[in-house]
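Participant: Mind looking over this structure? Questions follow.
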Amino acid sequence: MKNIFSILLLVIFYSVNAQNFKPYQFYNKKGKAIKAEKMVKQLADYDVVFFGELHNNSIVHWLQLKVTEGLYDKKDKQITLGAEMFERDNQPQLNKYLAGKIEAKSLKDSLRLWNNYNTDYKPLVDFAKDKNLNFIATNIPRKYASQTAKEGLESLNKLSEKEKSYIAQLPINVTLDTPGYPEMKKMMGDHAEGTKVMNFISAQATKDATMAESILNNLQPGKTFIHYNGNFHSKEFGGIYWYIKQKNPNLKMAVISVFESEDDELKIPEKEYIPTDFNLIIPADMTKTY
């Protein structure tokens, strides 16, 4: 009787553990599930790879690191890293850390690091440091984006030449033809003033255009540039992707977009799903880091 009871417990235990709890699933543009290893192999053929993220999702950050490691191997070390989370004027300090000239504490004291840097971005920076790779601070200093939102794009013309060097070449083309920008306009609401709306969109454009220019300035023949940015900055092939295409339409670029799903099997969401080259589906109930 005791043996039978033990067997029943084992059956119940394995039945519970056999449930399919999927932490993530990648799909290609055609909606076909694809293994991460196969995706990485395909990514090695691209000049630029955008890995969109939800800033507070641990699974996405872990996958960014694993995909980067895989791409490093597939490309025989020929990759460059870059990220929205680092601003252009912080490149000298970042370079010193990568070269081993300053310690992690000095980097933290000298850069405007995001609050989740230690858990979510330091592993990527340290990977670049350990492998002697370039890591590019691509974004506009936030004070200039904030200035644009308050005073308009034209206010940037008053900056010094040094300050302008941290921003994409002026004038920046701001248009609602850019995917994602009409959505921003809609989010502002019908009652928002026209100038205020366009200032807000222009601030987004300064970020996207600056990151695009930073990537273009640091491309090297034979190397893949992998860029980490908030999902909105590259979703629907808009944002940074769109600005690069205006400058160099011949570059081969891939976008990894991220979507949350309530489905345990992580099937493609039925609503608000506009696929890019590769599409990461993650559980909507995944614990948020902040």
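Laboratory data are not the source of any read-out in this text; all were calculated from the coordinates shown. Predicted, not measured: the structure shown is a model, and the values here were computed from it. Please note: Cβ atoms are built from the backbone with ideal geometry, for glycine as well, and neighbour counts cover all protein chains shown.
Participant: Once you've got the Cα coordinates, tell me which of Lys75/Lys101; Lys22/Lys288; Lys185/Lys235; Lys22/Lys77 are over 24 Å apart.
Facilitator: Pairs exceeding 24 Å: Lys75/Lys101; Lys22/Lys77.
Participant: For the stretch 153-158, take each phi angle, set θ = phi - 60°, evaluate the Karplus expression 6.51 cos²θ - 1.76 cosθ + 1.60, and give the result in whole Hz per residue in order, putting x for glycine and proline.
Facilitator: The phi angles translate into 4, 5, 5, 5, 5, 7 Hz.
Participant: In addition: Considering only Leu81, Thr210, Ser58, whose Cα is most displaced toward the positive end of the charge dipole of the chain, charges sitting on Cβ of Lys, Arg (+1) and Asp, Glu (-1)?
Facilitator: Going by the charge dipole, the pick is Leu81.
Participant: Could you please report the charge total around Gly70, scoring K, R as +1 and D, E as -1 over all other residues with beta-carbon less than 12 angstrom from its beta-carbon?
Facilitator: Every neighbour counted, the sum reads +3.
Participant: Would you work out which of Ile102, Gly239, Asn279 lies farthest towards the positive end of the dipole of the chain, given +1 charges on the beta-carbon of Lys and Arg and -1 on that of Asp and Glu, about the Cα centre?
Facilitator: Of Ile102, Gly239, Asn279, it is Ile102.
Participant: Okay, next question. Kindly flag which residue pairs out of Lys74/Lys131; Lys108/Lys150; Lys96/Lys122; Lys105/Lys143 have an alpha-carbon separation exceeding 18 Å in this structure.
Facilitator: Result: Lys108/Lys150; Lys105/Lys143 exceed 18 Å.
Participant: What size of dipole, in debye to the nearest 20, comes out for the stretch 231-270 about its Cα centre when the only charges are +1 on Lys and Arg C-beta atoms and -1 on Asp and Glu C-beta atoms?
Facilitator: Dipole magnitude for the stretch 231-270 comes out near 660 debye.
Participant: Of the candidates Thr206, Thr224, Thr175, which one comes out as most mobile in a Gaussian network treatment of the chain with C-alpha springs shorter than 10 Å?
Facilitator: Per the Cα network of the chain with a 10 Å cutoff, Thr175 tops the list.
Participant: Quick one: compute the contact order of the chain, relative version, from alpha carbon pairs under 8 angstrom and 6+ residues apart, as a percent.
Facilitator: Value for the chain: 31 percent.
Participant: Helix-only estimate, please: 222 nm mean residue ellipticity of the chain, summing -39500 (n - 2.57) across DSSP H runs of length 4 or more and dividing by its residues, to the nearest 500.
Facilitator: -12500 deg cm²/dmol
Participant: Would you mind working out the magnitude of the charge dipole of the stretch 137-187 relative to its Cα centre, with +1 at each Lys and Arg C-beta and -1 at each Asp and Glu C-beta, to the nearest 20 Debye?
Facilitator: Rounded to the nearest 20 debye, it is 180 debye.
Participant: If you place +1 on the Cβ of every Lys and Arg, -1 on the Cβ of every Asp and Glu, and leave all else neutral, what size is the dipole of the chain about its Cα centre, to the nearest 20 Debye?
Facilitator: Computed charge dipole of the chain: roughly 680 debye.
Participant: Hydropathy at least -0.5 by Kyte-Doolittle, axial extent at least 20 angstrom from the Cα trace: which helices of the chain, defined as entire DSSP H runs, fit?
Facilitator: In the chain, the long hydrophobic H runs are 2-17, 58-74, 194-217.
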